[in-house]
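Down below is the structure, laid out as structure tokens.
The values are calculated or read from the model by the stated rules, or taken from the named source; none is laboratory data. The model shown is predicted, which means the values in this text are computed figures rather than measured ones. A quick note on method: Cβ atoms are made from the backbone with ideal geometry, for glycine too, and the neighbour counts reach across all protein chains shown.
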Amino acid sequence: MAAQLLEVERLCKRFGGFVALDEINLAVTAGERVGLIGPNGSGKSTLVNCLCGTLVNEAGTVRFEGRDLAGLAAHQRTRLGMARSFQLPRPFASMTVGDNLKVPLLYAVNARRRPALTEAEIGARCEELLTLVGLADRARRFPRDLTQVDMRKLELARAMATEPRLLIADEAMAGLSNSEVNDIVALLIRLNERGITVILIEHIMRAVMNFSQRLVVLVSGKKIADGRPDEVIRDADVERAYLGQ
Amino acid sequence: MNSTRSGVFVLACAAVAAIVFAGARAAGNDYVFFAGYTVLQFVVLATAWNILGGYTGYVNFGTAAFFALGAYSTVFFHKFDPLPIPVLVVIGAAVSGLVGLGMGYLTLRLRGAFFSIATLALAVVLQTLVVNWNYVGGARGAYVIRPAEIAELSLPYIQYLFLIMLALAVMAVATARIVEHSKLGYGFATIRDDELAAEASGVPTLKLKLIATTLSGALMGMAGAPFPYFIGYLQPSSAFALEYAVNAIAMPMIGGTTSWVGPLVGALLLGTLQQITTVTISSAVNLLIVGMLLVGFVIIAPNGLIGLWRRVFPKR
């Protein structure tokens, strides 16, 4: 059996009286491409925030490569190899596109590398990543000059610059055209082929179905399905959640 | 490469400082040293404020508290056992730096206006403590009698104080520049831009903010340490004066907050203008000028003079 990269057990998160996540169990194997879907308000982003340390879960455990992440801040989880991109791109607006990638190399990668990357090595890695996502010619531009799809690519490239083993892409395609969605899916598949496990949270079903080897469905904070995408979308509970009774 | 550039920069600053000191002596008028001391003091305060307020985006309204802590540390030790001013500067920096660290721990989970209000509250609390602390003069104030000259250097005392503040200004500006171009500077900028994204990129935001509050507080304390010797009579209303908090914010805002140059330019321009106004019109007009300039800059150049420069002459 392949090693579990991420193990989530009985994860609970409440906001006052509202139960956002109710005993979520999830295991992700190294190298997998997992799609996570659910209607608005189903708890997808809350789950991502709990996994990445932005929110603290009240109960349950999250283990990454066998290590319990309880009490670890978001930046510590990033340094362990867990990266995320945000639903709305959050670039460092005062920095150039190239410098945006420098930050994770300086703070995430160099925190675990001995010897640390030199300035020249950091520059080379930034260039390599920008080429990978197709932004090499915009390295000296500022994020405000980028199109929406380029902003999404920058978001993914910055997450990639942390040299993650797990990438959680939170609605990386929202608001993009069909061809732009195809671009991002192709990019995520390329990243996965480099050995990075990817969890994709997405509403665009075409993208999710093209990308995912496994599909997990959340509804009202509960996991209602987990399996092969073609089987999951025919599941009666999933159909009910999306189409109503 | 970076350390070589920083070394060259420090040397250049020291050379400029030497020229400034020689120029002031050549003027042959003590008033130049009095006015220059005040302007340089604002260079230190504005630069110190900018390390937290400009680089990380956390607006501190408590500049006067850190400045006063430095000044009252000096009063305390002057009464206890007078020490040389450079030693008092180190003590002032340590006291204010520690309070900065403590303030950071207590307040840095707050953001935006809430953090700013907390720093304002710190100034009020500290002023109340000082007003009620008899040993350092309490509400009635404390006299610090300074000698007429430094015999070892055969230097009039005001020139000695000017020289010390000049050295502190060089130190503050060099520190700000080194921080700005270092890994720390990148980290600070990410906090200003987006803390969530910073954490997701591996930046330990809380630790960096604590470094910023400590460093900023320490530099403000350094600026305050020689103040009792400069003014001769220190009372809470002069050490905790509104003008320190207002100027420390206005000067970087007018110069530009994202670079070490901004507070330097802002402090030199505004500080000099205030000194000229003081002798030509009235010292009471100072804060009015600051207010008017701030309103003007918010409309014409919201990113300060440096921002305006970059807009007019963008990098190719």
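Checking each residue in segment B:73-108 for being touching a residue at least 24 places away in the same chain (Cβ under 8 Å) and not in a helix (DSSP H, G or I) picks out only B:Leu108.
For segment B:14-41, the set of residues classified as closer than 18 Å to B:Gly271 by Cβ and under 19 Å from the mean Cα position of the chain (by Cα) consists of B:Ala17, B:Phe33, B:Phe34, B:Ala35, B:Gly36, B:Tyr37, B:Thr38, B:Val39, B:Leu40, B:Gln41, listed by residue number. Of all positions in segment B:248-256, at least one carries a residue that is within 17 Å of B:Gly53 (Cβ to Cβ) and either in contact with a strand residue (DSSP E or B) (Cβ under 6 Å, 6 or more places away or on another chain) or within 14 Å of chain A (Cβ to nearest Cβ) (or both).
One residue stands out among those in segment A:38-51 that are buried (at least 23 other Cβ atoms within 10 Å of the Cβ) and under 13 Å from the mean Cα position of the chain (by Cα): the one that is nearest to the other protein chains (Cβ to nearest Cβ), which is A:Leu51.
Somewhere in segment B:160-183, is a residue at pLDDT 95 or above, more than 17 Å from B:Asn50 (Cβ to Cβ) and of a type in the set (Gly, Ala, Ser)? Among the residues of segment B:160-183, at least one is at pLDDT 95 or above, more than 17 Å from B:Asn50 (Cβ to Cβ) and of a type in the set (Gly, Ala, Ser), which makes the answer yes.
Beta carbons closer than 6 Å, at least 6 apart along the sequence or on distinct chains, pair a first residue in segment A:144-161 that is within 14 Å of chain B (Cβ to nearest Cβ) with a second that is part of a helix (DSSP H, G or I) and modelled with pLDDT under 95 for A:Ala157/A:Leu129; A:Ala157/A:Val133; A:Met160/A:Leu129; A:Ala161/A:Leu129. In this structure, B:Gly104 does not satisfy being touching a helix residue (DSSP H, G or I) at 6+ places or on another chain (Cβ under 6 Å) and within 14 Å of chain A (Cβ to nearest Cβ).
Every listed requirement among (1) out of contact with any strand residue (DSSP E or B) (no Cβ under 8 Å at 6 or more places or on another chain); (2) farther than 30 Å from A:Lys102 by Cα is met by A:Gly221 save one, (1). Among the residues of segment A:132-180, the ones that are within 20 Å of the chain's Cα centre (by Cα) and of a type in the set (Ser, Thr, Tyr) come to 1 in all. Residues of segment B:8-28 include at least one that is among the basic types (Lys, Arg) and within 16 Å of B:Met165 (Cβ to Cβ). Just one of the listed residues (B:Phe240, B:Phe188, B:Phe230) is closer than 26 Å to A:Arg90 by Cα and either touching a Ser or Thr at 6+ places or on another chain (Cβ under 6 Å) or more than 14 Å from every other protein chain (Cβ to nearest Cβ) (or both), namely B:Phe188. With respect to B:Ile145, determine if the residue is surrounded by fewer than 22 Cβ atoms within 10 Å (Cβ to Cβ), more than 14 Å from every other protein chain (Cβ to nearest Cβ) and assigned to a loop (DSSP other than H, G, I, E, B). Yes, satisfied.
Filtering segment A:63-82 to residues that are more than 7 Å from chain B (Cβ to nearest Cβ) and either part of a helix (DSSP H, G or I) or surrounded by 24 or more Cβ atoms within 10 Å (Cβ to Cβ) (or both) leaves A:Gln76, A:Arg77, A:Leu80, A:Met82.
Yes or no: segment B:210-223 includes at least one residue that is small (Gly, Ala, Ser), touching a residue at least 12 places away in the same chain (Cβ under 8 Å), away from chain A (no Cβ under 14 Å) and surrounded by fewer than 24 Cβ atoms within 10 Å (Cβ to Cβ). No, segment B:210-223 has no match at all. Filtering segment A:90-107 to residues that are surrounded by fewer than 21 Cβ atoms within 10 Å (Cβ to Cβ) and more than 9 Å from chain B (Cβ to nearest Cβ) leaves A:Thr96, A:Gly98. Entry remark, segment A:162-175: residues being acidic (Asp, Glu) and more than 14 Å from chain B (Cβ to nearest Cβ) number 1 in total. Being in a helix (DSSP H, G or I), polar (S, T, N, Q) and loosely packed, with under 12 Cβ neighbours inside 10 Å is the filter here; which residues of segment B:265-304 pass it? Result: B:Thr280, single match. With respect to A:Val217, determine if the residue is modelled with pLDDT of 90 or more and under 15 Å from the mean Cα position of the chain (by Cα). It is false that A:Val217 is modelled with pLDDT of 90 or more and under 15 Å from the mean Cα position of the chain (by Cα).
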